[in-house]
Amino acid sequence: MKVLGIETSCDETGVAVYDSADGIVAEALYSQIEIHERFGGVVPELASRDHAARLAPMIGNVVAEAGITLRDLDAVAYTAGPGLIGALMVGGSLAASLGYALGIPVIPVHHMEAHLLAAMLEPGPPAFPFLALLVSGGHTQLVAVSGLGDYELLGATLDDAAGEAFDKVARLLELPYPGGPALAKLAESGDPGAYALPRPLLNKGLELSFSGLKTAVLRLLERLGSAARDGGQGAQIRADIAASFQAAVVETLVNKCGLAMRSTGLERLVIAGGVGANRDLRRTLKERGQRDGYAVHYPRPALCTDNGAMIAYAGWCRRATAGTGLPRIEARPRWPLEALEPITSGAS
Ligand code: KG4
Ligand code: ZN
């Protein structure tokens, strides 16, 4: 079965073809960084317009790269939420039109479920059950995954998401958008022990909180004043702040994963979402897993950040849930993961 996947929930246009016999056979990703960069963040209207301009030609290219034609597709999957409403509508409209024209099922996909399943696309995929750490720009969640669609939310952030904290602190450090990767790069030349920043709610249950940490960086920058801005010394101070901030986020996430692994007795941890691309987080979690006796799975960085491959794959897993008749365009800006229904037949 060949499933076309379409991702347009935020600032990346992702398209891929998943073949249930061969895996991902073609994919393309277009990042809108250049469009949003000068605004310091995503401008929703510009995101929608760019998805609308790029999506159809990208689909044509990806299908050709897969060595097939549109008529060979068996289903179309698209991100139905959560995400930016206009951006979601672009992907949903094109997916529904294609499905209607080709007479094939159209499958609405939950973006976070797709992130969560992305590790399945790697060699040696994790078996159910496992704990998922979902860390993206809008979400930070610890989820007990018993099977496909069978999710129990164990803990989440009370305020900012981990990626959001990276992005906000990157702005404070005057780093370019998108802030997370830029901050991680700067942190490489900094000393993670230079500044003692808070580790909110450490060892206190499975809730997380990152807004206090962001405020602590703001206060630190105010205190340092021009010293953090001027010349070579300022550059080193900013790198030290970046490294200290990253260390605080990583320690907090690793601590919460450890607590959740212990309290559930699960043996596998799966990392998903954009912040999962962070090298320091990946390395530290892997070491902690080795020490404490649990396996840590994470997809390659390109499968952690938004992409079409995870949507095509999640669509295939959810093929049984595709509607019949005229396809509806579903766009759900807010859509809790726990609202999903378990799937009895799905991935193999
Ligand atoms: O999953 P994703 O691509 O999009 C959402 O669904 O939100 O995640 C994007 C988030 C952004 O906040 C971005 O700054 C963060 O992931 N991110 C990173 C890194 N790469 C992306 N944060 C820290 N280190 C990275 N290497
Ligand atoms: Zn995402």
Result of the Cβ filter at 6 Å on the stretch 8-37, keeping first residues that are at negative phi and partners that are among the polar types (S, T, N, Q) and assigned to a loop (DSSP other than H, G, I, E, B), at least 6 apart or interchain, is Asp11/Gln32; Gly14/Asn307; Leu29/Asn307
Exactly one of Glu207, Glu222 is assigned by TED's automatic domain parsing to the domain that holds Gly265, surrounded by fewer than 20 Cβ atoms within 10 Å (Cβ to Cβ), out of contact with any Pro (no Cβ under 7 Å at 6 or more places or on another chain) and farther than 15 Å from Thr252 by Cα, and that residue is Glu222
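Against the condition out of contact with any Ser or Thr (no Cβ under 9 Å at 6 or more places or on another chain) and within 16 Å of ligand 2 (Cβ to nearest atom), how does Leu117 come out, does it pass? So that I can check it myself, show each step before the final result.
Details: out of contact with any Ser or Thr (no Cβ under 9 Å at 6 or more places or on another chain): yes; within 16 Å of ligand 2 (Cβ to nearest atom): yes.
Yes, satisfied.
Going residue by residue through the stretch 52-62, is there one that turns out to be basic (Lys, Arg), modelled with pLDDT of 95 or more and buried (at least 16 other Cβ atoms within 10 Å of the Cβ)? It would help to see each step written out before you state the result.
If we filter the stretch 52-62 for residues that are basic (Lys, Arg), which is where we start, we get 54.
Adding the requirement that they be modelled with pLDDT of 95 or more leaves 54.
Subset that is buried (at least 16 other Cβ atoms within 10 Å of the Cβ): 54.
Yes, some residue in the stretch 52-62 is basic (Lys, Arg), modelled with pLDDT of 95 or more and buried (at least 16 other Cβ atoms within 10 Å of the Cβ).
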(1) at pLDDT below 95; (2) among the aliphatic types (A, V, I, L, M); (3) under 20 Å from the mean Cα position of the chain (by Cα) all hold for Ala227 apart from (3)
### Message
I'd like to know if the stretch 54-74 contains one or more residues that are within 20 Å of Ile104 (Cβ to Cβ) and touching a Phe, Trp or Tyr at 6+ places or on another chain (Cβ under 7 Å).
### Response
yes
Residue pairs within 6 Å by beta carbon, gap of at least six or interchain, first lying in the stretch 287-301 and more than 16 Å from ligand 1 (Cβ to nearest atom), second assigned to a helix (DSSP H, G or I), listed first then second, are Arg288/Val254; Tyr294/Met261; Val296/Leu285; Val296/Lys286; Val296/Gly289; His297/Ala119
- Taking Ala87 as the residue in question, decide whether it is away from ligand 1 (no atom under 16 Å from the Cβ), within 19 Å of Glu330 (Cβ to Cβ) and open to solvent by less than 30 Å² (accessible area, probe 1.4 Å). no
In the set Asp11, Asp74, the lone residue that is open to solvent by less than 30 Å² (accessible area, probe 1.4 Å) and among the charged types (D, E, K, R) is Asp11
Filter the stretch 225-260 for residues that are among the basic types (Lys, Arg) and crowded, with 20+ Cβ neighbours inside 10 Å; the one that is farthest from Pro123 (Cα to Cα) is Arg238
Of the residues in the stretch 261-288 that are among the β-branched types (Val, Ile, Thr) and more than 16 Å from ligand 2 (Cβ to nearest atom), the one that is surrounded by the most Cβ atoms within 10 Å (Cβ to Cβ) is Thr284
Picking from Pro176, Pro129, the residue that is at pLDDT below 95 and surrounded by fewer than 24 Cβ atoms within 10 Å (Cβ to Cβ) would be Pro176
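The values are calculated or read from the model by the stated rules, or taken from the named source; none is laboratory data. Since we're looking at a predicted model, the values are computed, not measured. Cβ: placed from backbone, ideal geometry, glycine included. Neighbour counts: every protein chain shown. Just so you know, the surface numbers come from the protein's heavy atoms only, side chains and all, with ligands and any DNA or RNA stripped out. Shrake-Rupley method; radii C 1.70, N 1.55, O 1.52, S 1.80 Å.
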